[in-house]
Amino acid sequence: METPKITDDGTELEKHIDAIKRLKQERHALVLCHTYQRPEIHLIADIVGDSYALSLAATKTTHPIIVFCGVHFMAETAKILNPSKKVLLPTLDAGCGLAETITANGVRAWKAQYPGLPLVLYINSPAAVKAEADIICTSTNTLKAVEAAYGETVLLAPDKNLYYNTQPKTRKKLIPWEGYCPVHKAMSVDMLEYAMMLHPDAEVIVHPECNPDVTALAHAVLSTSGMVDYVKASSKNEFIIGTELGLVQMIQRMFPEKKVYPFTEVSKTCDNSCVCPYMKAVTIEKVRQALEKDRYEIAVPEEIRIKALAALQRMLLLGRDT
Ligand code: 13P
Ligand code: SF4
């Protein structure tokens, strides 16, 4: 998929923002926004957060309409958790490269090779796969989910880098699925070393979807919300942050007195390789159209929803690791 431009034409921006604010009031709509979204989407959001925080928000809202500025699996999760609400995803191009690595048939065949073992499933997966899981996790609570699963051997899917980051922290044996996030996988150790050479005093914090050679060089491996908390609490002034550019930019806006850098390619910043094209498929114009034209409404078949809900509710009972 081609990477869209990071910001829209400024001349149109104000018009769209004003229209969205009016439409939100008229329609009693709640706008949820993932931290990786474009900066202008953050401006019109009611709640900005990670996938765990947005899932919680979806369970609690009384608004009849949720506009989910994030990716498809997140909007599906909101629908599973709060089925009486109309959940709108502004574009169907907002998929997830990691969620595409796993299907319900694939996971059923995999589970059949390991009868009786529990499946801990990362939330970045389709609803039909969630229906096959025992417990869902996000990067905020993977370890808690693994420890909560019954037995000493646990299936963990679909992100293999999450497996590499979690296995050393538990006595249980984890069996991984072979999936990756294409965006975090592209953040290479060469890019990190170049960024470290340019900013030798910076602390390095990276997401657990990054490759093991990258996490090995990091001062901390953290979920997206964990990164925000880390920068806030740290007495350091410079950080290299290994995750999607939207969060790097958000942290810089939150802490203007600190210096925050993305991974860096030789002679240029990682504006392309650290950008998730799925997240950036949501534009301000598409958010406006979602509210004007009621699109695109997310539906989850009831038999899938009920099973996926049980696995998601177990996750929400856990709370966060980080
Ligand atoms: P969070 O679960 O931290 O929100 O991250 C979602 C994601 O897509 C990471 O690539
Ligand atoms: Fe999916 Fe990776 Fe994009 Fe997150 S950054 S939404 S895991 S493709």
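The values are calculated or read from the model by the stated rules, or taken from the named source; none is laboratory data. Only a predicted model underlies this, so the values are computations on that prediction, with no experimental measurement involved. Note that we place each Cβ from the backbone using ideal geometry, even for glycine, and neighbour counts take in every protein chain shown. Ligands, DNA and RNA are excluded from the accessible area calculation, which covers all protein heavy atoms including side chains. Shrake-Rupley method; radii C 1.70, N 1.55, O 1.52, S 1.80 Å.
Checking residue 267 against (1) open to solvent by 70 Å² or more (accessible area, probe 1.4 Å); (2) at pLDDT 95 or above; (3) among the hydroxyl-bearing types (Ser, Thr, Tyr), which single condition isn't satisfied?
Residue 267 satisfies all of (1) open to solvent by 70 Å² or more (accessible area, probe 1.4 Å); (2) at pLDDT 95 or above; (3) among the hydroxyl-bearing types (Ser, Thr, Tyr) except (2).
Can you pull out the residues in the range 280-308 that are within 15 Å of residue 39 (Cα to Cα), of a type in the set (A, V, I, L, M) and not in a helix (DSSP H, G or I)?
If we filter the range 280-308 for residues that are within 15 Å of residue 39 (Cα to Cα), which is where we start, we get 280-287.
Subsequent filtering for residues that are of a type in the set (A, V, I, L, M) retains 281-282, 284, 287.
Passing the criteria: only 282.
Pick from the range 249-264 the residues that are within 13 Å of residue 207 (Cβ to Cβ) and at pLDDT below 95: which of them is surrounded by the most Cβ atoms within 10 Å (Cβ to Cβ)? So that I can check it myself, show each step before the final result.
Going through the range 249-264, the residues within 13 Å of residue 207 (Cβ to Cβ) turn out to be 251, 262-263.
Keeping just the survivors that are at pLDDT below 95 gives 262-263.
Numbers: 262: 24, 263: 29.
Applying the filter and picking the extreme gives 263.
If I filter the range 104-141 down to residues being β-branched (Val, Ile, Thr) and in contact with a Cys (Cβ under 9 Å, 6 or more places away or on another chain), which single residue comes out as farthest from residue 173 (Cα to Cα)?
Keep residues of the range 104-141 that are β-branched (Val, Ile, Thr), which gives 107, 120, 123, 129, 135-136, 138, 140.
Those still in the list that are in contact with a Cys (Cβ under 9 Å, 6 or more places away or on another chain) too: 120, 123.
Details: 120: 12, 123: 20 Å.
So, considering only residues that are β-branched (Val, Ile, Thr) and in contact with a Cys (Cβ under 9 Å, 6 or more places away or on another chain), the one farthest from residue 173 (Cα to Cα) is 123.
When you go through (1) away from ligand 1 (no atom under 16 Å from the Cβ); (2) under 25 Å from residue 118 (Cβ atoms) one by one for residue 217, which number turns out not to apply?
Among (1) away from ligand 1 (no atom under 16 Å from the Cβ); (2) under 25 Å from residue 118 (Cβ atoms), residue 217 violates only (2).
Go through the residues of the range 141-164 one by one and say whether even a single one is part of a helix (DSSP H, G or I), of a type in the set (A, V, I, L, M), in contact (Cβ under 8 Å) with a residue 12 or more places away in the chain and away from ligand 1 (no atom under 15 Å from the Cβ).
Yes, that holds for at least one residue.
How do the pairs read when you match residues in the range 294-319 that are touching a residue at least 12 places away in the same chain (Cβ under 8 Å) and within 19 Å of residue 119 (Cα to Cα) with residues anywhere that are in a helix (DSSP H, G or I) and open to solvent by 40 Å² or more (accessible area, probe 1.4 Å), using Cβ under 8 Å and keeping only pairs 6 or more apart or on different chains?
Close Cβ pairs (under 8 Å, with a partner that is in a helix (DSSP H, G or I) and open to solvent by 40 Å² or more (accessible area, probe 1.4 Å)) amount to 314/148; 316/56; 316/59; 318/144; 318/148; 319/144.
Which members of the range 119-140 meet the condition of being more than 16 Å from ligand 1 (Cβ to nearest atom) and open to solvent by 10 Å² or more (accessible area, probe 1.4 Å)?
128, 131, 132, 134
Determine, yes or no, whether residue 66 is among the hydrophobic types (A, V, I, L, M, F, W, C) and more than 17 Å from residue 80 (Cβ to Cβ). Before the answer, list the steps.
Values: among the hydrophobic types (A, V, I, L, M, F, W, C): yes; more than 17 Å from residue 80 (Cβ to Cβ): no.
So residue 66 does not fit the description; no.
Could you check the range 60-96 and list, in sequence order, the residues that are of a type in the set (Val, Ile, Thr) and farther than 20 Å from residue 179 by Cβ? Spell out the reasoning first.
Restricting attention to the range 60-96, the residues satisfying the condition of being of a type in the set (Val, Ile, Thr) are 61-62, 65-67, 71, 77, 80, 87, 91.
Of everything in the range 60-96, those that are of a type in the set (Val, Ile, Thr) and farther than 20 Å from residue 179 by Cβ turn out to be 61, 62, 65, 66, 67, 80, 87, 91.
Exactly one of (1) open to solvent by 10 Å² or more (accessible area, probe 1.4 Å); (2) modelled with pLDDT under 95; (3) within 15 Å of ligand 1 (Cβ to nearest atom) is unmet by residue 187. Its number?
Among (1) open to solvent by 10 Å² or more (accessible area, probe 1.4 Å); (2) modelled with pLDDT under 95; (3) within 15 Å of ligand 1 (Cβ to nearest atom), residue 187 violates only (1).
Among all residue pairs at least 6 apart or on different chains, which show Cβ distances below 6 Å where the first residue, located in the range 50-72, is of a type in the set (Gly, Ala, Ser) and the second is open to solvent by 10 Å² or more (accessible area, probe 1.4 Å) and away from ligand 2 (no atom under 16 Å from the Cβ)?
Every condition considered, the pairs that remain are 57/47; 58/81; 58/82.
Among all residue pairs at least 6 apart or on different chains, which show Cβ distances below 9 Å where the first residue, located in the range 177-202, is closer than 30 Å to residue 114 by Cα and the second is away from ligand 1 (no atom under 16 Å from the Cβ)?
177/106; 177/107; 177/110; 177/155
Residue by residue through the range 215-248, note down the ones that are under 14 Å from residue 321 (Cα atoms), open to solvent by 10 Å² or more (accessible area, probe 1.4 Å) and among the small types (Gly, Ala, Ser).
220, 225
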